[in-house]
1. Scanning segment A:7-50 for residues that are surrounded by fewer than 21 Cβ atoms within 10 Å (Cβ to Cβ), in a helix (DSSP H, G or I) and β-branched (Val, Ile, Thr), which turns out modelled with the lowest pLDDT?
2. Take segment B:266-281 and flag every residue that is among the charged types (D, E, K, R) and either surrounded by 13 or more Cβ atoms within 10 Å (Cβ to Cβ) or in contact with a Ser or Thr (Cβ under 8 Å, 6 or more places away or on another chain) (or both).
3. Please list, ordered by first then second residue, the pairs with beta carbon atoms under 8 Å, 6 or more apart or interchain, first in segment B:177-201 and facing chain A (nearest Cβ under 8 Å), second crowded, with 17+ Cβ neighbours inside 10 Å and in a strand (DSSP E or B).
4. Could you list all residues from segment B:68-96 that are in contact (Cβ under 8 Å) with a residue 40 or more places away in the chain and not in a helix (DSSP H, G or I)?
5. Suppose we filter segment B:198-247 for residues that are within 30 Å of residue B:80 (Cα to Cα), assigned by TED's automatic domain parsing to the domain that holds residue B:151 and among the acidic types (Asp, Glu); how many remain?
6. Report whether or not residue A:98 is in a helix (DSSP H, G or I), touching a Gly at 6+ places or on another chain (Cβ under 9 Å), in contact (Cβ under 8 Å) with a residue 24 or more places away in the chain and within 14 Å of chain B (Cβ to nearest Cβ).
7. Over 18 Å from residue B:86 (Cβ atoms), without any contact (Cβ under 8 Å) to a residue 24 or more places away in the chain and not hydrophobic (A, V, I, L, M, F, W, C): does that describe residue B:241?
8. Could you grab me the full set of residues in segment B:153-208 that are assigned to a loop (DSSP other than H, G, I, E, B) and either closer than 18 Å to residue B:38 by Cβ or under 14 Å from the mean Cα position of the chain (by Cα) (or both)?
Amino acid sequence: MAETATAWQLIIGGDPTLFAILRLSLIVSLSAVAIAALVGMPLGALLALTSFRGRGAVVVVLNGLMGLPPVVVGLGVYLLLSRSGPLGDLGLLYTPSAMIIAQAVLVLPIIAALARQTIEDLWRDYRDEFVAMGVGPAGRVAALVWDGRYSLLTALLAGFGRAAAEVGTVMIVGGNIDGFTRTMTTAIALETSKGDLPLALGLGILLVAVILVVNAAAWTLRSVGETGRTA
Amino acid sequence: MIHRRRVLAALLAAVLPAFAGLAAPAAAQDKSITVASTTSTEDSGLFGHILPIFEKETGIAVKVVAQGTGQALETARRGDADVVFVHAKAQEEAFVAEGFGVERFDVMYNDFVIVGPASDPAGIAGTANATAALKRIDEAKAPFVSRGDKSGTHTAELRLWKEAGLDPASEGGDWYRSIGQGMGAALNTASAMNAYVLADRATWLSFKNRGDLKVLVEGDKRLFNQYGVILVNPAKHPHVKADLGQSFIDWLISPEGQTTIADYRIDGQQLFFPNAPEKRT
């Protein structure tokens, strides 16, 4: 496989440009997931534990938003951040911050929807116990989040996978500027358009490898946590 | 609780360097400009050649957003770029006339080429007449890929069809494939389906996935491809970095900038030919 060889050469060659691109990809996607988690987890928990008129519709919409097309999110954030848009004065368009915002918007529904499902399922199991033991609302949320932590971690990984793999938003709001907003995915798109398909595929293999490493790290975290609990 | 802290610590460890990393580019932003340009200048490696030289001399970092000419001008109209560096003279002059640009300067030129499969089903090889070649492609109903994205190359293609007295873009016909994408994507498409395509020479020379494609028609003076540079009007968009942008334009059209452009070659072939007017006194 010529492409695998290219991927290896890229890694072994230790090209600083490549590492800068990899670093930016990780920074942008991990930051986006962190922000989306800070907002999405409480949102999911809130939705799981409350009942109100139209709740079913909200759940359906939230689940539906998991399929937000990146290019639409990119366009929306672009129009917001453009100098002619409402937030134009911030001067954020074509910066890594803009890319983080766009990816956070993209990932937020995934994390919120999966968190809601996880917590709601646990809530059904625990409801009687909570009532019998007289656990208050804060204690309930803490217990549910804690016991559902591994499923919630999977929700974070789903969000990260979505963010790290997408090219639509970062291309539009980042502009694929060399050395500034170029990520792995926009670099792959660029090399494809230059007709350098082996290099594009090499970069692609590298990106998949990095996503695997992040997932392996999460798995290790989980294993360590479980070992700790039984010990 | 220890585990929760561990999870939190891991999360923080992932996020903190992220924000530390963001602070650095923000600081460097002070002396930088954003240039909306075309895919041909970026993909051909021209910017990779000239920008480090410019930055070394002036300390001004140039951030290039490579788009089609139409999109680049739209980006500038919205105020999201300080300078536009594109190749569709009529659109550029309209941009200045609308008040979005200060003044347009010629920078350099090269030419378009009609690329097609070596088997050449329409028999256009060796013709030096671009419109005659298009007529033959139309008659043969041979597959033709159009950019279809309002780029400089697309604009040139539509002009050539018009000069040939044809209008396949609105007449349709499944041999005429409008893909709405950049030059590289158009070449990839043409390469995959053995179609004809109009390409700028710079992108063609730096394109690596040629397959059976080769240059079939070149040298017609109607295939001339002029690049121009314009400062976005600070009267329209007050945040435009007019001084830094003007420094970039002045350098591009200075004898030194012009020589630097001429020096850029791929496999010994010069890609862009400087033709800025003599500096006004």
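The values are calculated or read from the model by the stated rules, or taken from the named source; none is laboratory data. Just so it is clear, the model here is predicted, and its values are computed rather than measured. With ideal geometry, Cβ positions are generated from the backbone for all residues, glycine too; neighbour counts draw on all protein chains shown.
1. Applying the filter and picking the extreme gives A:11.
2. Filtering segment B:266-281 for residues among the charged types (D, E, K, R) gives B:267, B:278-280.
Matches in segment B:266-281: B:279 only.
3. Close Cβ pairs satisfying both conditions: B:183/B:199; B:183/B:200; B:187/B:115; B:187/B:197; B:187/B:199; B:187/B:213; B:191/B:213.
4. B:68, B:79, B:80, B:81, B:82, B:83, B:84, B:85, B:86, B:87, B:88
5. Summing the residues that are within 30 Å of residue B:80 (Cα to Cα), assigned by TED's automatic domain parsing to the domain that holds residue B:151 and among the acidic types (Asp, Glu) in segment B:198-247 gives 1.
6. Against the criterion (in a helix (DSSP H, G or I), touching a Gly at 6+ places or on another chain (Cβ under 9 Å), in contact (Cβ under 8 Å) with a residue 24 or more places away in the chain and within 14 Å of chain B (Cβ to nearest Cβ)), residue A:98 qualifies.
7. Numbers: over 18 Å from residue B:86 (Cβ atoms): yes; without any contact (Cβ under 8 Å) to a residue 24 or more places away in the chain: no; not hydrophobic (A, V, I, L, M, F, W, C): yes.
So residue B:241 fails the test.
8. Going residue by residue through segment B:153-208, those that are assigned to a loop (DSSP other than H, G, I, E, B) are B:164-167, B:172-175, B:179-182, B:194-195, B:207-208.
B:179, B:180, B:181, B:182, B:207 - these are the residues of segment B:153-208 that are assigned to a loop (DSSP other than H, G, I, E, B) and either closer than 18 Å to residue B:38 by Cβ or under 14 Å from the mean Cα position of the chain (by Cα) (or both).
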